[in-house]
Amino acid sequence: MGNQAIHPFEQLADYERLSLAHVAGEPEQIENQGIWRGICYRVGQRLFASSIGEISELLVPQPLTNVPGTHDWMLGIANVRGNLAPVVDLGRYLFGQRTQVTDRSRFLLVHQHGGNVALLVDEIVGQRSVSDDEREHGETEDDERVARFVTSIVTLGEQRIGIFSMNRLTRAPDFLQAAL
C-alpha cells in the first residue's frame, strides 16, 4: 500500500472505467421487472422512444463546427463539456427531410463505439413506460426507412410510438460512414 501518489490522469481514467462499467437504470429495472422505460421524442411526424439506458443526456442545440466532405445528415461537431461529438440530423438521416431547429429541438447524446454522438430531434415528448408484453406484442414497422431500428410499435393512449434501438442505429454501417 504505502503513500504512493496516483497521477491525476490515471485517477481520471479509473473514474471513466468505473463510470462505463455502471449500468444506467439498473435499480429501476430490478424494482419494476417487466416494465421498460424510455425517452419519447418526435422526428418529423413520427414518435419514437428509446431506452433510458441508451440515451446519456438531453441537450439544447448549440453552435456547431462544420465538417466538409460528409453526408448532408451530418451537421457538424459540437463541443460537449470539452468532448467533441458528431451531430446527426436524425430526421434527415431517416427520412431525407431536414429538421428545423426550434426552441423545442434537442440533441439526444448517445454512446457509440469510440465516443458519443448527438442526434438532433424535433422535440422531447417525455418519459414512457411500456410493459414487456406490450413491446413483444406490438405492431411491426412497415416503413422500410426505419424498420431496421424499430423493434415494435406500441400504442399508448392515442399515441403510436416506435420503440427505436439506438444500439442498432449506432452499429449500422451507413450511419458509421458519415464521409462522402
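Readers should treat all values here as calculations from the given coordinates under stated rules, not as data from a laboratory. Just so we're clear, the structure is a prediction, and the values are computed from it rather than from any experiment. Note: ideal-geometry Cβ built from the backbone for every residue, glycine included; neighbour counts use all protein chains shown.
At a glance:
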read-out: Cβ-Cβ FRET estimate between Gln112 and Asp133, R0 fixed at 30 Å, reported to 0.05; value: 0.50
read-out: Quotient of Cα Rg and 2.2 N^0.38 Å for the range 34-176, N being how many residues it contains; value: 1.01
read-out: Stretch gain in nm, segment Leu64-Ile124, where the contour uses 0.36 nm per residue and the Cα spacing is subtracted; value: 19.5 nm
read-out: Packing-based exposure ordering (other Cβ within 10 Å, fewest first) of Phe175, Phe164; value: Phe175, Phe164
read-out: Mean separation of Cα contacts under 8 Å, 6 or more apart, over the residue count of the range 64-180: relative contact order %; value: 19
read-out: Rg over Rh, two decimals, the range 114-180 (C-alpha only, Kirkwood Rh); value: 1.00
read-out: Among Gln127, Gly69, Gly157 the positive-end extreme of the charge dipole of the range 34-176 (Cβ point charges); value: Gly69
